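The structure appears right after this line, and notes come after that.
Every number here is computed from the coordinates shown, using simple stated rules; none is lab data. Being a predicted model, the structure only gives us computed values, none of them experimental. Counting neighbours? That spans all protein chains shown, and the Cβs are built from the backbone with ideal geometry, glycine included.
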Amino acid sequence: DAEITQSPRHKITETGRQVTLACHQTWNHNNMFWYRQDLGHGLRLIHYSYGVHDTNKGEVSDGYSVSRSNTEDLPLTLESAASSQTSVYFCASSEGFVGSYNEQFFGPGTRLTVL
Amino acid sequence: TQLLEQSPQFLSIQEGENLTVYCNSSSVFSSLQWYRQEPGEGPVLLVTVVTGGEVKKLKRLTFQFGDARKDSSLHITAAQPGDTGLYLCAAYNTDKLIFGTGTRLQVFP
């Protein structure tokens, strides 16, 4: 069965360190997304990609970067981790032309703690 | 950024009770989605409503899209402990999906 996986599931790091969160999907979807989920804010879009070599900034992109070298993977990098980036991170994917009806399929999330 | 407001934020009820969750915005949307998220997992799509006034049923869950396509509601009949989770409404703002703040539901046996 097709799926979307994230690794690691839990990560503790220190302020200033570079951290990369992995996202891998076997749906063969063109569209991939990274969100963070915090109490009181719901899910907020960090970065997204509509295909290989395409990346775009979302609502809360400062301090994060992504690259898309193949269809299956969209790793999220925190350049220099800050305590404000402690959160639960979700990767998602969807097929087809992005618009009104597309269902997004979510991974299980990565809980990141920055000390 | 357009905002989707959900109410209530938290809801604790006994098994067998009915409940309604609301999703409101000042903006008009061409469609609206409802997702459910269980602890330790990502959100999963329950339904998409696309027509003003549309009502969709999924077993004991009834979803309604407002006539003006600015609001939506989710009604659960005879709630069960398996309904426990975070309920999120979401809508596309041009090409980006924006999420409501969520309603956390706890159903006690």
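Annotations for the structure displayed:
- Cα gyration tensor shape for region B:43-96, rounded if a/c is under 1.5, else prolate or oblate: oblate
- Overall, the ratio between the Cα radius of gyration of region A:1-60 and 2.2 N^0.38 Å, rounded to two decimals, is 1.28.
- Positive contributions from Lys and Arg (+1) and negative ones from Asp and Glu (-1), summed over other residues with Cβ under 14 Å from the Cβ of B:LEU45, come out at -2.
- Cα-centred dipole magnitude for chain B, charges only on beta-carbon of K, R (+1) and D, E (-1), debye, nearest 20: 180
- Peptide B:91-102 has a mean of 5 when you count, residue by residue, the C-beta atoms of other protein chains within 10 Å of its C-beta.
- Averaged over the residues of A:104-113, the number of partner chain Cβ atoms lying within 10 Å of the residue Cβ comes to 3.
- For the segment B:4-17, counting C-beta atoms of other chains within 10 Å of every residue's C-beta and taking the mean gives 0.
- Electrostatic bookkeeping for A:GLN6 treats Lys and Arg as +1 and Asp and Glu as -1; over the other residues with beta carbon under 15 Å from its beta carbon, the sum is 0.
- Chain A: relative contact order as a whole-number percent, Cα under 8 Å and 6+ apart: 35
- Where labels lie 7 Å past Cα in the beta-carbon direction, separation of A:SER69 and B:VAL28 in nm: 4.7
- Straight Cα distances below 21 angstrom link B:LYS57 to the lysines B:LYS70, with same-chain residues fewer than 8 positions distant left out.
- Relative to the current alpha-carbon distance between A:VAL52 and A:LEU39, full extension at 0.36 nm per residue lengthens the span by 1.5 nm.
- Rounded to the nearest whole angstrom, the semi-axes of the ellipsoid equivalent to chain B, taken from the Cα gyration tensor as √(5λ), stand at 23, 15, 12, largest first.
- Selected from A:ARG17, A:ARG44, A:ARG36 as most flexible by GNM, with chain A as the system and alpha-carbon contacts under 10 Å: A:ARG17
- In straight-distance terms, cross-link reach from B:LYS59 covers every one of the aspartates and glutamates whose alpha-carbon lies under 18 Å from its own, apart from those fewer than eight places away in the same chain; here that gives B:GLU15, B:GLU17, B:ASP83.
- Taking the centroid of alpha carbons for each part, region A:45-59 and region B:1-44 are 26 Å apart.
- Candidates A:TYR48, A:TYR35, A:TYR64, ranked by Gaussian network fluctuation over chain A, Cα under 10 Å, top entry: A:TYR64
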